1. Please state the charge dipole magnitude for the chain, taken about the Cα centre, from unit charges on C-beta atoms (+1 on K and R, -1 on D and E), reported in debye and rounded to the nearest 20.
2. If amide H atoms are built 1.01 Å from N in the plane of the peptide, which residues on other chains or at least 5 residues away come under 5 Å of the amide H of Leu80?
3. Of the candidates Pro105, Pro26, Pro184, which one comes out as most mobile in a Gaussian network treatment of the chain with C-alpha springs shorter than 10 Å?
4. So if I average 1/r over every pair of distinct C-alpha atoms in the chain and take the inverse, what Kirkwood radius in Å does that give?
5. Pick from Gln133, Gln28, Gln111: which is most flexible by mean-square fluctuation in a GNM of the chain where alpha carbon atoms under 10 Å apart are linked?
6. In the neighborhood of Glu46, defined by Cβ-to-Cβ distances under 11 Å, what is the net charge if each Lys or Arg adds +1 and each Asp or Glu adds -1?
7. Which of Ala131, Ala89, Ala190 ends up with the largest GNM mean-square fluctuation for the chain, with Cα atoms connected below 10 Å?
8. Among the aspartates and glutamates, which have Cα under 20 Å from the Cα of Lys51 when same-chain residues fewer than 8 positions away are ignored?
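Where a number appears in this text, it was derived from the coordinates with a stated rule and is not lab data. Here the structure is a predicted model, which means the values were calculated and not measured. We place every Cβ from the backbone using ideal geometry, glycine too, and count neighbours over all the protein chains shown.
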Amino acid sequence: METLSPERLQELLKASAARHRGHLCPRQVLGVRIGLAGMRALGFAEPPTKKRLLVIAETDGCFVDGLIVATGCTVGHRTLRIEDYGKVAATFVDVRTGRAVRVAPRVDVRQRAMAYGPEGERRRYFIMLHAYQVMPEDELLTVEEVRLRVPVEVIISRPKVRVNCTACGEEVINEREVYINGLPYCRACAWGAYYEPAADRGAQSTVRNPLAAALP
C-alpha cells in the first residue's frame, strides 16, 4: 500500500480547514483520508480530469469539505453527489469503466484511535483529530468493491436535456422527470415534494400526485 506523504496530507488538511475559517475537525481529516484512499483504490494518484471521477458521499457537512479538497470533485461540476444516510462514508466511481469502491471508517475506529493519540492527551476529540492523521490506512478505513444499483450513465444523465412538468409547468433538467401515462412530471408533482405552499397548508391538489391516480 502506498505511503501517504505527511506533507501532502497537511497541505490538504490546511485547504480543508480554510473552508472553515481555519478550523480543522476529525471529520475533515476523515474526508481527506477517505478521498485519497478512494482515488488510490481506483488507480488515481491525483484527481483525474474530464469528470472521470464521481464521488457519492453518504452525509454532508465537514466531511464533504475534506472529500472536495482531496478529490477535486464538487456539486457544481456534477462530480459530487450526496445520498444522505448520515454516514461518514463515500463511494468512488470511475465513470469511464464503471468500477466503484466504497470507503468508510472501520466500525471500531474510535477505539483504535486511542492507541495513536498524543502522549498525555485525554480529550477524545483531540485524540481522534491527531490519530486520524497518522493511523495506517488499513487501521483507519475499509475499502470495498461495490456495484451501483443505478447505472452511472443514468446518475450523470445527458447534457442539455430538458422537459416541462405537465402539472406545474416548471422545467426539469438532467433527465430527472417521471413519466406517467406517457406524460412528463417533475418528481415533486409525481411523488410529493419536501415543501408545500405556506398559504395552502392542508389544501388538496388535484394534480399533486398523478402517480396515485394512474394506479389501478
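1. With only Lys, Arg, Asp and Glu charged at Cβ, the dipole is about 200 debye.
2. Val55, Thr74, Val75
3. Pro184
4. Final number for the Kirkwood radius of the chain is 19.6 Å.
5. Gln111
6. For residues surrounding Glu46, the net value is +2.
7. Ranking Ala131, Ala89, Ala190 by mean-square fluctuation puts Ala190 first.
8. Filter leaves Asp65, Glu83, Asp94, Glu153, Glu175.
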